[in-house]
Amino acid sequence: MEYRTLGSSGFEVSVLSFGAWQLGDPAYWGEFDARAAAETVAAALDAGVNLFDTAEWYGAGQSEEVLGKALEGRRDRALVASKVSPQNCTRQGVRESCEASLRRLGMDTIDLYQVHWPNREVSFEETYLALLDLKQDGKIRAIGVSNFGPQDLRAWTAAGECVSDQIGYNALFRAAEFEIIPTCIERGIGVLAYMPLMQGILTGRWKTVDDIPQLRRRTRHFASTREGAMHTESGAEDLLMRTLAALEAVAVKLERPMADVALAWLVAQPGVTSVITGIHAIEQLSRNVSGVELSLERSVLSEIESATNPLKDKLGRNPDMWKCGLDARIR
């Protein structure tokens with residue numbers, strides 16, 4: 001397993017991170033077994049994965065509870081990341097959220113505590129000072145953000161430090177490349193990429209748009225007429241499927257699963273420190289480890305870039321995968 005330094009934190013994190021949302025939100029991801037969760041977390045540690053990402057919002061705190069129990073007796077081997085929800089970004093709200101997360105996790109310290117989404121009704125300075133208080137009290141070790149665009153990153157770093165920005169980034173959604181990643185590189189901020197497999201779409205398991213589960217057809221890739229869509233755009237459904245076919249052709253040529261190729265491509269991108277994959281079972285873990293350990297030649301990386309450029313251009317610079325125009329939340 002390869003390790004990279006996360007921003008200015010000094011943390012050496014595995015290029016594959018364990019996304020724990022799937023461990024504690026059965027309404028979205030389906031039922032799970034606590035014993036199987038503990039076995040999967042143990043297997044991840046044994047495979048060299050050391051960053052585990054959760055949030056107070058995931059399953060209304062259930063993800064934190066399950067992860068905390070799964071890490072009992074193994075805490076010293078893990079870096080634990082959690083997030084405060086935007087509605088709790090006041091000075092008092094940040095502290096109360098952090099202390100509640102620590103209770104659910106059964107831990108004294110959260111290694112990386114992140115602002116889940118920007119809250120522009122509360123000053124970044126107020127939120128940052130609350131986080132700084134927690135750091136000085138030893139309740140958190142490093143401060144990060146999530147879903148912050150270049151405008152918000154500049155405003156945040158004017159108020160205080162930030163070691164990481166967690167953003168949606170994958171071969172089918174490359175908007176972060178326009179401004180967010182260059183800003184992170186310029187300011188020494190590590191990039192944690194979530195949805196690296198586009199919630200399973202980059203595994204190639206679904207051959208038509210209608211085969212894709214409804215809850216995974218809400219992004220701007222899909223028409224605004226799709227159930228659950230929160231945007232007003234026409235989508236890019238035909239282009240999406242053509243892009244997937246092109247990526248499948250690359251994978252076939254390499255004799256590797258499409259998911260391996262998608263993960264290897266993302267790990268190779270400038271600025272990326274780690275990719276966060278939702279892991280529900282040991283079989284998923286093994287597949288994801290295989291992907292991040294694959295090294296792609298420069299010619300293959302260029303081929304993937306060329307195959308996905310039309311979709312990148314179509315979706316444009318808006319880094320909000322779900323909303324558009326004035327409703328876009330990432331700025």
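The values are calculated or read from the model by the stated rules, or taken from the named source; none is laboratory data. Because the structure is predicted, anything quoted here is derived from the model rather than measured. Cβ coordinates were reconstructed from backbone atoms using ideal geometry, including for glycine residues, and neighbour counts include every protein chain displayed. In case anyone asks, the SASA skips ligands and DNA or RNA and just uses the protein heavy atoms, side chains included. Shrake-Rupley method; radii C 1.70, N 1.55, O 1.52, S 1.80 Å.
Sorted by packing (mean other beta-carbon atoms within 10 Å per residue), highest first, where do 160-171, 185-196, 135-146 land?
Ranked by mean Cβ neighbours within 10 Å, highest first: 160-171, 185-196, 135-146.
Mind jotting down the distance between the C-alpha centroids of segment 83-106 and segment 271-304, whole Å?
Cα centroid of segment 271-304 versus Cα centroid of segment 83-106: 31 Å apart.
Report the FRET efficiency, 1/(1 + (r/R0)^6), for Arg205 and Ala249, where r is their Cβ-Cβ distance and R0 is 22 Å, rounded to 0.05.
Approximately 0.85, to the nearest 0.05.
Using Cα pairs under 8 angstrom and six or more residues apart, how large is the relative contact order of the chain, in percent?
19 percent.
With an 8 Å cut-off on Cα pairs and a minimum separation of 6 or more residues, tell me the relative contact order of segment 42-193 in percent.
18 percent
Go through segment 205-278 and name the trypsin sites (Lys or Arg not before Pro) that are in a DSSP coil and have 14 or fewer other Cβ atoms within 10 Å of their Cβ.
Sparse-neighbourhood loop trypsin sites (Lys or Arg not before Pro): Arg205, Lys207.
Rounded if a/c is under 1.5, else prolate if a/b is larger than b/c, else oblate: which is segment 1-123, with a ≥ b ≥ c the root eigenvalues of its Cα gyration tensor?
Note, shape of segment 1-123 comes out oblate.
Given H placed on each backbone N at 1.01 Å, which residues far from Ser17 in sequence or on other chains put an amide H within less than 5 Å of it?
Val275, Ile276, Thr277
Just to be sure I understand: of the beta bridges DSSP finds with both ends in segment 98-218, what percent are antiparallel, rounded to 5?
So the antiparallel bridges in segment 98-218 amount to around 10 percent.
Between Glu305 and Ala281, how many nm apart are label points set 7 Å from Cα along the C-beta direction?
Between Glu305 and Ala281, the simple spin-label model gives 3.7 nm.
Put +1 on the Cβ of every Lys and Arg and -1 on every Asp and Glu Cβ in the chain; which of Leu102, Leu67, Leu240 then has its Cα farthest towards the positive end of the dipole?
After comparing all options, I get Leu240.
Roughly speaking, to the nearest percent, how much of the chain's 1.4 Å accessible area is carbon and sulfur?
Answer for the chain: carbon and sulfur cover 47 percent of the accessible area.
Asp238 to Ala223: extension gain in nm, 0.36 nm per residue of separation minus the Cα-Cα distance?
My answer for the length gained is 4.4 nm.
How high is the FRET efficiency from Arg216 to Thr109, r the C-beta distance, R0 30 Å, rounded to 0.05?
That gives a FRET efficiency of 0.30.
Got the relative contact order for segment 1-86 handy, in percent, Cα pairs under 8 Å and 6 or more residues apart?
32 percent
Between Glu126 and Ile185, take the C-beta separation as r, use R0 = 41 Å, and let me know the FRET efficiency to the nearest 0.05.
So, using R0 = 41 Å, E works out to roughly 0.90.
Modelled label-to-label distance, Ala155 and Ala36, 7 Å Cα→beta-carbon offset: nm?
Output for this residue pair reads 4.3 nm.
Are there any helices in the chain, counted as whole DSSP H runs, that stretch 20 Å or more along their axis by Cα and score at least 0.5 on average by Kyte-Doolittle, and if so which?
Those that clear 20 Å and a mean of 0.5 are 237-254.
Check which residues have an amide H placed less than 5 Å from Ile110's amide H, if you skip close sequence neighbours.
When sequence neighbours closer than 5 places are left aside, the close amide H contacts are Ile140, Arg141.
Report, for the chain, the % of DSSP beta bridges that are antiparallel, rounded to 5.
Once the DSSP bridges in the chain are tallied, antiparallel ones form about 10 percent.
Once you list every other residue whose beta carbon is under 14 Å from the beta carbon of Gly93, what net charge do they have if Lys and Arg are +1 and Asp and Glu are -1?
Net local charge, Gly93 excluded: -3.
Classify segment 167-274 as rounded, prolate or oblate from the Cα gyration tensor: take a ≥ b ≥ c as the square roots of its eigenvalues, call it rounded if a/c is under 1.5, otherwise prolate when a/b beats b/c and oblate if not.
oblate
Note the listed values [x] 33, 61, 6; [y] 29, 60, 11, 0; [z] 31, 47, 10, 8, 4, 0, then indicate which one is P(r) over Cα pairs in 20 Å bins from 0, in percent calculated from this particular structure.
[x]
Please build a GNM for the chain, connecting alpha carbons under 10 Å apart, and tell me which residue among Leu112, Leu296, Leu153 fluctuates the most.
Top of the fluctuation ranking is Leu296.
Can you spot the lysines whose alpha carbon is less than 16 Å from Lys83's alpha carbon? Ignore those fewer than 8 places along the same chain.
Candidates past the 8-residue exclusion: Lys135, Lys139.
Just the number please: accessible area per residue for the chain, 1.4 Å probe, all protein chains included, in Å².
Ligands and nucleic acids excluded, the figure is 41 Å² per residue.
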